[in-house]
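Report on one structure; see the data block that follows.
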Amino acid sequence: MKDIRTVEEILKEDSLEDLWIWESIIREKTVNIISGDESSGKTTLMINLCKAISDGEEFLGLRTARQKILYISSEMSGKDISQIFEKIGLKNRDNVKIMELHEDPLSMLGYSVMDADLIIIDLFIQILINEGKDPNVYKDVNEMYATLRKGSIFGDKTIILVHHLNKLGEINGSVSLGGASDTRMILSMPEKRKSPERVLSVYGKNVEQKDMNIHFDFPSRIMTLSEGAESEKIDYELAYIIEQVIKKGEVSGNCQEVSAVLKLSRYGRNPNSLKRYLNSNIDALNENDIEMVSERSNRERTIRLIHKPKVTV
């Protein structure tokens, strides 16, 4: 029978302070998901994280805990993954192993995962398909998560799933893919795809919501915190929003719909984030003859951005 404990006993025995694998983002023995558009750098970000965790060093300004890592690739070949590992300086590490699992179910892993503390599955949708699961079916996704949380070979592991976004900038498949995860991360990039800047949006259970500005150096594949990128990002996004609203005349809908129209996927996941961003730049919107109207009806908040050019006589 499970022990019955007081709140004080639980907090004392199960302190969160020592459970972070990646400070304030990834906790031990959790199932987490990172999503992003194709070629946004999801795999590269995970490999950079692997390097930091294998050495117990900081990554993007946050501490990591040294762990044994198993990187499961269901899309790229082991050779291709290894070349990225080598490029960022992750070579000759006995605590990092790579496994290809392109068509086989997870049961084929057997005891190969027993020596790992952290398991990264890239891409998760291929694993779902291998297991005969439909990523769009709530029941199938929940059953898969149950396997990852309670399965005999996964029960005490930390898992990060690499996944795609859909055309609306949302996690591809059933909503439970995001809801069942402890931490959800979305890696987004600006419209100018050749830009080296990325934004990692983080939210989830026991996780402080944050946006991290990342510089992606293409030749070296190394990702670092951007210096002074915040103002550049805001200027770019704000100019882009203003341009689109002026071009369309009006953009309206709930937060997800407006984010999809404006192709700002990182705001689509939180009902209030886009509204907060627009409110913080309301003066700039007004200066460009854009009026913002925020309304709530039927338990849903809608946003209207209307271009009302001043009439000069």
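Taken together, the values in this text are just the output of simple stated rules run on the coordinates, not laboratory data. Given the structure is predicted, the values throughout are model-derived calculations rather than measurements. Here the Cβ is made from the backbone with ideal geometry for all residues, glycine too, and neighbour counts use every protein chain on show.
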Inset, instruction - Run down the aspartates and glutamates and flag those whose C-alpha is under 18 Å from the C-alpha of Lys150, throwing out any fewer than 8 positions away in its chain. - result: Glu28, Asp115, Asp117, Glu131, Asp140, Asp182
Inset, instruction - Using DSSP to define loop residues, name the trypsin sites (Lys or Arg not before Pro) in the stretch 71-114 whose beta-carbon has at most 12 other beta-carbon atoms within 10 Å. - result: Lys91
Inset, instruction - Name the residue farthest towards the positive end of the dipole of the chain from the options Ser273, Ala65, Gln209, assuming +1 on Cβ of Lys and Arg, -1 on Cβ of Asp and Glu, about the Cα centre. - result: Ser273
Inset, instruction - Rounding to the nearest 20 debye, state how big the charge dipole of the chain is about its Cα centre with +1 on each Lys and Arg Cβ and -1 on each Asp and Glu Cβ. - result: 540 debye
Inset, instruction - Just grab the label-to-label distance for His102 and Ser77, each label 7 Å out from Cα along the Cβ direction, in nm (one decimal). - result: 0.8 nm
Legend entry - Residue with peak Gaussian network fluctuation, the chain [Cα springs, cutoff 10 Å], from Asn172, Asn213, Asn281: Asn281
Inset, instruction - Choose one answer from Met185, Met114, Met212: the residue with the largest mean-square fluctuation in a GNM of the chain with alpha-carbon springs under 10 Å. - result: Met114
Legend entry - Length gained when the stretch Lys247-Ser39 is fully extended (0.36 nm per residue, less Cα-Cα span): 72.1 nm
Legend entry - Above-threshold pairs, the threshold being 18 Å between Cα atoms, out of Lys42/Lys91; Lys210/Lys275; Lys51/Lys87: Lys42/Lys91
Legend entry - Those residues of the stretch 195-214 whose amide nitrogen sits under 17 Å from the label point placed on Arg276, 7 Å along Cα→Cβ: 199-213
Inset, instruction - Over all directions, average the projected area of the Cα convex hull of the stretch 1-150 and note it in nm². - result: 11.2 nm²
Inset, instruction - Quickly work out the Thr224-to-Arg63 label distance, labels modelled 7 Å from Cα along the C-beta direction, and quote it in nm with one decimal. - result: 2.3 nm
Inset, instruction - Would you compute, from DSSP H runs of 4+ residues alone, the mean residue ellipticity of the chain at 222 nm, taking -39500 (n - 2.57) per run and dividing by the full residue count, rounded to the nearest 500? - result: -9000 deg cm²/dmol
Inset, instruction - Indicate, rounded to the nearest 5 percent, the antiparallel portion of the DSSP beta bridges found entirely in the stretch 17-226. - result: 45 percent
Inset, instruction - For Asp283 and Ile4, compute 0.36 nm times the residue count separating them, minus their Cα-Cα distance, and round to one decimal in nm. - result: 95.0 nm
